[in-house]
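Taking it in order: structure first as structure tokens, then the write-up.
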Amino acid sequence: MRVTLDFLAVLADWPLLLKGVAWTVALTAVSAVIGVVLGVACAWARSHGAPWLKLLVGAYVELIRNTPFIVQLFFVFFGLPSAGIRLSPELASVIAMVVNLGAYATEIIRAGIDVTPRGQIEAALSLALNRRQVFLKVVLPPALRKVWPALVSQIIIVMLGSAVCGQISTPELSYAANLIQSRNFRAFEAFIVATALYLLLSLAVRRVLNWLGPRFLFGGR
Amino acid sequence: MVEFSLWDILRNLLLAARWTVVLSLIAFVGGGVVGLMLLLARLRGAGVAARVVGAYVALFQGTPLLMQLFLAYFGMALFGVETSAWFAAALALTLYTSAYLAEIWRGCVASIPRGQWEAAQSLAMSLGEQLRHVVLPQATRIAIAPTVGFLVQVIKGTALASVIGFVELTKAGTMITNATFQPFVVYSFVALLYFALCFPISLYAKHLERKLA
């Protein structure tokens with residue numbers, strides 16, 4: 001049998017694809033920033049917080065890491081409204097992505113914090129820095145530098161996972177592909193194009209983050 | 001209208017969870033076999049084979065699993081194979097798993113010191129013998145913990161098969177929600193069931209890791 005592929009039919013809808021890419025990038029950017037901040041806060045809580053706080057954060061991390069993202073998303077979007085919290089698809093997607101990334105980032109950042117040499121903290125304390133200053137200025141930057149590659153990989157995993165958000169009609173890239181294939185019945189081609197775009201996105205995001213991190217987060221090369 | 005008790009919901013979810021387990025096992029075993037072949041191709045082959053396997057891994061790790069599932073589902077239809085959600089899900093998850101396992105195992109083999117290879121070579125062992133008698137036994141020990149840990153990713157990955165219509169735990173949750181209008185309860189149960197499947201495996205992987213360190 002002959003298989004004919006028609007990519008032009010898909011590419012003709014390029015404004016839709018572009019909008020999908022923009023949404024995917026936007027979702028990823030927002031949840032990366034908030035998720036990493038959440039991860040830093042939880043990592044601090046897990047290594048310096050009160051015992052009940054450690055337990056709480058530990059439960060959060062394990063619960064998220066041992067359940068699928070799609071279930072977390074459905075819980076936020078379909079489950080929370082029956083508890084009185086109504087969310088737009090876009091907001092539900094961001095919340096699910098932040099909560100998901102936060103849990104993984106907590107573990108990654110904690111691994112960086114835990115290897116800070118004791119002497120560095122003592123030296124900083126002896127310079128009369130308070131606990132907060134020690135954490136933010138002495139412990140955190142080198143920890144972030146050490147775990148940045150792992151953190152970047154996790155952000156990319158969350159970006160790829162965001163393809164599921166199309167299922168609750170968030171207008172991201174996979175949603176755009178779905179919309180296009182429902183118009184022209186070129187399902188295989190539409191998803192190939194979307195998959196190629198995701199591949200390009202993950203390469204680009206890795207480059208950008210590897211460039212951004214050293215410049216703005218932990219200084220120096 | 002039929003009333004659903006909590007037990008009805010939980011019982012139906014438990015029944016559906018069987019398919020999550022079966023699909024996970026298929027993907028894990030199939031992915032292990034394909035992953036092992038990829039690893040051997042990468043170790044044995046010259047530059048080209050290694051580069052092809054590298055590209056394969058990069059492709060599966062750089063694109064969403066959901067897209068891979070869609071491509072398997074619609075691709076088979078396009079090429080005239082009768083499409084079932086079952087087969088598409090098993091195929092996509094097997095390929096996805098194989099890419100990750102090949103990469104995990106490559107790291108384990110790479111962590112074996114160069115000197116071990118050279119020592120085996122100096123004993124006039126062939127490449128196959130070096131692998132079989134010297135490198136793989138050591139690499140396997142290192143590989144067990146991350147391999148077990150990756151099983152959790154596979155189990156969570158099967159949840160996406162719900163999107164192409166494969167009725168497993170997540171899809172069952174959606175269907176029961178549509179019947180009961182109790183999404184909060186149903187998805188809480190769904191999440192807890194995944195947690196019950198994955199958390200023991202996570203703990204075991206962590207335990208194995210600690211034992212090795």
For chain B, give the percent of accessible area contributed by carbon and sulfur heavy atoms, probe 1.4 Å, rounded to a whole number. 69
Among B:207, B:71, B:123, pick out the residue whose Cα is farthest towards the positive end of the charge dipole of chain B, where Lys and Arg carry +1 and Asp and Glu carry -1 on C-beta, about the Cα centre. B:123
I'd like the Karplus ³J(HN,Hα) series for segment B:166-183: coefficients 6.51, -1.76, 1.60, θ = phi - 60°, whole numbers in Hz, and an x wherever there's a Gly or Pro. 7, 7, 10, 4, 5, 5, 4, x, 4, 5, 5, 4, 5, 8, 9, 6, 10, x
Charge-dipole axis of chain B as Lys and Arg at +1 and Asp and Glu at -1 on Cβ define it, positive-most pick from B:179, B:43, B:94: B:43
List of segment B:158-206 residues, accessible area with partners at least 50 Å² below that of the chain alone (1.4 Å probe): B:184, B:187, B:195
Using a probe of 1.4 angstrom, how much of the accessible area of segment A:64-221 is carbon and sulfur, in percent? 63
Ballpark to the nearest 100 Å², how much total accessible area do A and B bury together, probe 1.4 Å? 3100
Of A:127, A:91, A:197, the one that fluctuates the most in a GNM where chain A has Cα springs shorter than 10 Å: A:127
Do any chymotrypsin sites (Phe, Trp or Tyr not before Pro) in segment B:41-140 lie in a DSSP loop with no more than 12 other beta carbon atoms within 10 Å, and if so, which? B:79
At 7 Å along the Cα-to-beta-carbon direction for both residue A:153 and residue A:125, put a label point, then send me their distance in nm to one decimal. 3.4
Exposure rank, largest accessible area first [B:174, A:4; 1.4 Å]: A:4, B:174
Using a 1.4 Å probe, how large is the accessible area of residue B:133, given in Å² and rounded to the nearest 10? 110
Residue-averaged 222 nm ellipticity for chain B, from DSSP H runs of 4+ at -39500 (n - 2.57), nearest 500: -27500 deg cm²/dmol
GNM result for chain A, Cα springs below 10 Å: residue of A:84, A:39, A:102 fluctuating most strongly: A:84
Cα centroid of segment A:1-72 to Cα centroid of segment A:142-181, whole Å: 5
Kindly identify segment B:59-213 as rounded, prolate or oblate by the Cα gyration tensor criterion: order the square roots of the eigenvalues as a ≥ b ≥ c, call it rounded if a/c is under 1.5, otherwise compare a/b with b/c, prolate if a/b is larger, else oblate. oblate
Springs between alpha-carbon pairs under 10 angstrom, Gaussian network model over chain B: which of B:146, B:113, B:200 fluctuates most? B:113
Using the Cα centre of segment A:103-221 as the reference point, and only Cβ charges (+1 on K/R, -1 on D/E), how large is the resulting charge dipole? Debye, rounded to the nearest 20. 420
Per q in 0.24 Å⁻¹, report the Debye log10 I(q)/I(0) for segment A:92-170, using one uniform scatterer on each alpha carbon and no solvent. -1.03
Rounded if a/c under 1.5, otherwise prolate or oblate - segment A:1-137, Cα gyration tensor axes: prolate
Using the Cα centre of the protein assembly as shown as the reference point, and only Cβ charges (+1 on K/R, -1 on D/E), how large is the resulting charge dipole? Debye, rounded to the nearest 20. 1260
Rounded, prolate or oblate: which fits segment A:75-221 when a ≥ b ≥ c are the square roots of the eigenvalues of the alpha-carbon gyration tensor, with rounded for a/c under 1.5 and prolate only if a/b beats b/c? oblate
For A:24, B:94, write out the residues from largest to smallest accessible area, computed with a 1.4 angstrom probe and no ligands counted. B:94, A:24
Take every Cα-Cα distance within the protein assembly as shown, group them into 10 Å bins from 0 onward, and report for each bin the whole-number percent of pairs it holds. 4, 18, 29, 27, 15, 6, 1, 0
Got a sec? Charge dipole of the protein assembly as shown, +1 on Cβ for Lys and Arg, -1 for Asp and Glu; which of B:143, A:199, A:8 is way out at the positive end? B:143
Segment B:72-137 and segment B:10-52: distance between their alpha carbon centers, rounded to Å: 9
Heavy-atom accessible area per residue - segment A:64-171, 1.4 Å, Å²: 41
Take the Cβ-Cβ distance between residue B:178 and residue A:4 as r, set R0 to 30 Å, and report the resulting FRET efficiency rounded to the nearest 0.05. 0.20
Can you run phi through the Karplus equation (6.51, -1.76, 1.60; θ = phi - 60°) for segment B:76-87 and list ³J(HN,Hα) in whole Hz, with x for Gly and Pro? 5, 5, 5, 8, x, 7, 5, 8, 10, 4, 3, 5
List of segment B:59-78 residues, accessible area with partners at least 30 Å² below that of the chain alone (1.4 Å probe): B:62, B:63, B:64, B:66, B:67, B:70, B:71, B:74, B:78
Karplus 3J(HN,Hα) series, Hz, for segment A:193-208 with 6.51 cos²θ - 1.76 cosθ + 1.60 (x for Gly, Pro): 4, 4, 4, 4, 5, 4, 4, 4, 4, 5, 5, 5, 4, 4, 4, 4
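The values are calculated or read from the model by the stated rules, or taken from the named source; none is laboratory data. Owing to the predicted nature of the structure, the values given are computational and were not obtained by experimental measurement. All Cβ positions, glycine included, derive from the backbone under ideal geometry; neighbour counts span all protein chains shown. Note: accessible area is taken over every heavy atom of the protein model, side chains too, but ligands, DNA and RNA are not part of it. Shrake-Rupley method; radii C 1.70, N 1.55, O 1.52, S 1.80 Å.
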